[in-house]
Amino acid sequence: MAPPSNCLVTVNSTTDNGAVPAPVMVEAPQQKLQCPNLLDADEFRRQGHRVIDFIADYYGRMGDFPVHPSVTPGFLRDVLPTEAPSRPEPDAFGSALQDVRDLILPGMTHWQSPRHFAHFPASSSTVGALGEALTAGINVIPFTWAASPAATELEMVVVDWLGKALHLPESLLFAGGGGGTFVGTSCEAILCAIVAARDRKLAEIGAKRICDLVVYCSDQTHFFFRKAARIAGIQRDHCREVRTCREDMFALSPTELQAAMQADVDAGLVPLFLCATVGTTQTTAVDPIGELCAVAAPHGVWVHVDAAYAGSALVCPEFRHVIDGAESVDSFSMNPHKWLLANNDCCAMWVKRPCALVAALGTEQEYILKDAASEGHDVVDYKDWTITLTRRFRALKMWLLLRCYGVDGLRGHIRSHVRMAEAFEDMVRADARFEVVTERQFALVCFRLRSPEKLGGEKTANELNRRLLEEVNAVGSGPYMSSANVGGMYMLRCAIGSTLTEERHVSDAWKVVQDRASAILRKMEIIYRVLG
């Protein structure tokens, strides 16, 4: 082992007659044990400017990229080294940015493209991105009040700000005895709610009856609900997916739910949890919250509302009716990072009784987590509200958004996309070859090409629309759309929500759909005549 720096070492030698003289003390060379300054302010400023310029240039040349890349698995792994460098190359940061530009961006699906209509938005904004940078730079871990008092209290303020902006019932806010928090995703929020409901119910009926618990959703509920239920210890065959139908706009039927719950009670099982959805993934169906709560109440079922996408629209008073009856729910979650300009990741969750979360997810505080200033005060320790202990200061980003854009600014953002979706829907309806499959409620249009009877009618409609989507997405300049298969019908989804999308991008997308449809129908006509 090398000697420490600045130490003295002894050097022994022998004289000509073999005698050993007194040792000679020699100062060892100085060694640098400290690391270079990894948070040098000047270096941060220099590199930070490069990153900002890079991102600004990326948005400025977004149109140069196909929305969805034409690459095959292994395309990037084949060109990158198999091992990390042992030492940095000259101007390593600049070289890495060059690789991002030349190697990584061409292989990305560009979620911020104005021609990205395939998925619900992962919205971005200047304030959202800079809020993320500010959060990363400050880099606190607010898992208890003592760990970062201002972060905890800002989160409490901002979730109430946001809840009021969304017209949520006061019973879900700190101001009304409830409370909220920011987590990463709706998936995390749903899991926390199920665990809280599970422990509350088992406290009533006994822990040994966990195998009797049953949870409920519709066949349109996001698939993560089933996964969360399994993680929480619910048996796989005790997750009831209630069938929906087109006549009900694929919303969960209170009558069907009541029948399912009663059948389980008659079988000696225990209804536990209902996940209702406002804005399902495939068609943005809206479950009737008030009626579902009325069905669940006699069984003591915890009702959670998943409004991951459509919850952002609640800033607009004209959408308030979609959560009628929400004063009876136990918990509610939505993702500001989807449509409310918050950048990934940011999910807001509110609960009527925070004590249920704390009872299920709380931990005994170790000595190092205690703080004399909080003794005797009813403080919130957010580590007891969620699964993780390490958590991000997401409230700072949301606080900046609300301050810099205001509720009116967020309303304008949502309404602009809704207007563009209305325009796209009108264009679809104006072409008799197409149909709008489900009533548009927010900024998603579900549509399909009708198959002429002489070309097979409904028997070939699904295959016809599969081909149409493939050809639309094969157009290098976009648009990029996705599909849904609901009630046996294959349809195309046009989800408008990118911050950069303008009316011209929507009209251009429709022209591509029409052109591709015309080409497919001409080919089918030729084949029909030849074979006929």
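The values are calculated or read from the model by the stated rules, or taken from the named source; none is laboratory data. Since we're looking at a predicted model, the values are computed, not measured. Reconstructed Cβ throughout: ideal geometry from the backbone, glycine too, with neighbour counts over all protein chains shown. These area figures cover heavy atoms from the full protein model, side chains too; ligands, DNA and RNA do not enter into them. Shrake-Rupley method; radii C 1.70, N 1.55, O 1.52, S 1.80 Å.
Order 341-349, 52-60 from most to least packed using the mean count of other Cβ atoms within 10 Å. The partial results should precede the final answer.
Working: 341-349: 24.0, 52-60: 12.3.
The packing order, highest mean first, is 341-349, 52-60.
Simple point charges give the picture: +1 on the Cβ of Lys and Arg, -1 on the Cβ of Asp and Glu, and for region 280-356 a dipole about the Cα centre of about 180 debye.
Quick one: pull the percent of accessible area on the chain belonging to carbon and sulfur, 1.4 Å probe, ligands and nucleic acids left out. Provide the component values of the computation, followed by the final result.
Working: 14480 of 26400 Å².
Solvent-exposed carbon and sulfur of the chain make up 55 percent of the total.
Spin-label pair residue 78-residue 204: with each label point 7 Å from Cα along the Cα-Cβ axis, the two points sit 5.9 nm from one another.
Based on a Kirkwood Rh over C-alpha pairs, give the Stokes-Einstein translational diffusion coefficient of region 49-201 at 37 °C and viscosity 0.692 mPa s in µm²/s. The partial results should precede the final answer.
Values: Rh = 20.0 Å.
The Stokes-Einstein estimate is 164 µm²/s.
Placing +1 on the Cβ of every Lys and Arg and -1 on the Cβ of every Asp and Glu, with nothing else charged, gives region 67-135 a dipole about its Cα centre of roughly 260 debye. In order along region 420-435, the phi-based Karplus estimate (6.51 cos²θ - 1.76 cosθ + 1.60, θ = phi - 60°) of 3J(HN,Hα) comes to 5, 5, 4, 5, 5, 4, 4, 5, 5, 5, 6, 9, 4, 6, 10, 9 Hz; Gly and Pro are listed as x.
Charging the Cβ of each Asp and Glu at -1 and of each Lys and Arg at +1, and nothing else, the dipole of the chain about its Cα centre rounds to 1220 debye. Note that region 223-236 has calculated 3J(HN,Hα) couplings of 4, 5, 4, 5, 5, 4, 4, 5, 4, 7, x, 7, 4, 4 Hz, one per residue in order, obtained from phi through the Karplus relation 6.51 cos²θ - 1.76 cosθ + 1.60 (θ = phi - 60°); glycine and proline are x.
Across the options 126, 235, 506, the greatest Cα extent toward the positive end of the charge dipole of the chain (unit charges at beta carbon of Lys, Arg, Asp, Glu) belongs to 506. Extension gain, residue 453-residue 507: 0.36 nm per intervening residue step, less the Cα-Cα distance, totals 16.6 nm.
Out of every Cα pair in region 229-331, what percent are spaced more than 22 Å from each other?
Values: 1616 of 5253 pairs.
Of the Cα pairs, 31 percent sit more than 22 Å apart.
If the segment from residue 99 to residue 403 were pulled out straight at 0.36 nm per residue, it would be longer than the present Cα-Cα gap by 105.8 nm. Between the listed residues 416, 491, 398, the Cα displaced farthest toward the positive end of the dipole of region 388-532, a dipole computed from Cβ unit charges relative to the Cα centre, is found at 398.
Using a probe of 1.4 angstrom and keeping all protein chains present, the accessible surface of the chain works out to 50 square angstrom per residue.
Considering the dipole of region 230-291 built from charges on the beta carbon (Lys and Arg +1, Asp and Glu -1) around the Cα centre, which of 282, 258, 271 is farthest to its positive end? Of 282, 258, 271, it is 282.
Rounded to the nearest 500, the helix-only mean residue ellipticity at 222 nm of the chain stands at -12500 deg cm²/dmol, with each DSSP H run of n ≥ 4 adding -39,500 (n - 2.57). The region of the chain that goes longest without hitting one of the trypsin sites (Lys or Arg not before Pro) in a DSSP loop, each with at most 14 other Cβ atoms within 10 Å, is 78-242. Looking at the chain, the pairs of alpha carbons with a distance over 44 Å make up 30% of the total.
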